[in-house]
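Accompanying notes for the structure given below.
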Amino acid sequence: MKKFEKRPLYRKVNTTTHGVSHDHGGDYRRDRRKETALGMRKGVRRGLDYTPLFKFLLSNVGNKWDLIFSEATSRLDKTEPIFWLVALQADDAQEYVRLGESTYYSGLYVDESGILKVVNSEINESTLRPFCKCCTHTFNGVEFKQSYEALGS
């Protein structure tokens, strides 16, 4: 990496973690004898983590969207993950977004003056409750403060 080159806003997931599936293997093994086999499937991207992107977006709340979007797209492999959190209109925005089994982030939107804003700043790790007791639930990277309680408890 060059001295002033900025790091990408995604990273490869630890694919050696026990019990975590990243949809690896078998593509070629299953299809190699078929006449329509595509081999190793060029272009298939697996095991990417966009946590750095989400932290980047949250750290830029209050700034001009055009500048944020330009910076983010220059450091990403594709633009789709940006819009998992960011709605371009307030009507389409969600208060929070669940990504994966137990990871939540603040919903973001671009206001009429082109500024990135949080949909509901009242929501935080203290206001959300985990839906199962086996996972560590996080909101914007901070573990939920409330504990799991089964329905009817």
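Summary table below
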| quantity | calculated |
| --- | --- |
| Where the stretch 59-136 is the region considered: accessible area per residue in Å², 1.4 Å probe | 59 Å² |
| Residues in the stretch 70-103 that a label on VAL13 would reach, taking backbone N under 16 Å of a point 7 Å out along Cα→Cβ | 81, 98-103 |
| Over 19 Å between alpha carbons, listed pairs LYS6/LYS117; LYS12/LYS117; LYS64/LYS117; LYS55/LYS117 | LYS6/LYS117; LYS12/LYS117 |
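The values are calculated or read from the model by the stated rules, or taken from the named source; none is laboratory data. Small disclaimer: the values here were computed from a predicted structure and weren't measured. FYI the Cβ positions are ideal-geometry reconstructions off the backbone, even for glycines, and counts take in every protein chain you see. Keep in mind that these areas ignore ligands, DNA and RNA; they rest on the heavy atoms of the full protein, side chains included. Shrake-Rupley method; radii C 1.70, N 1.55, O 1.52, S 1.80 Å.
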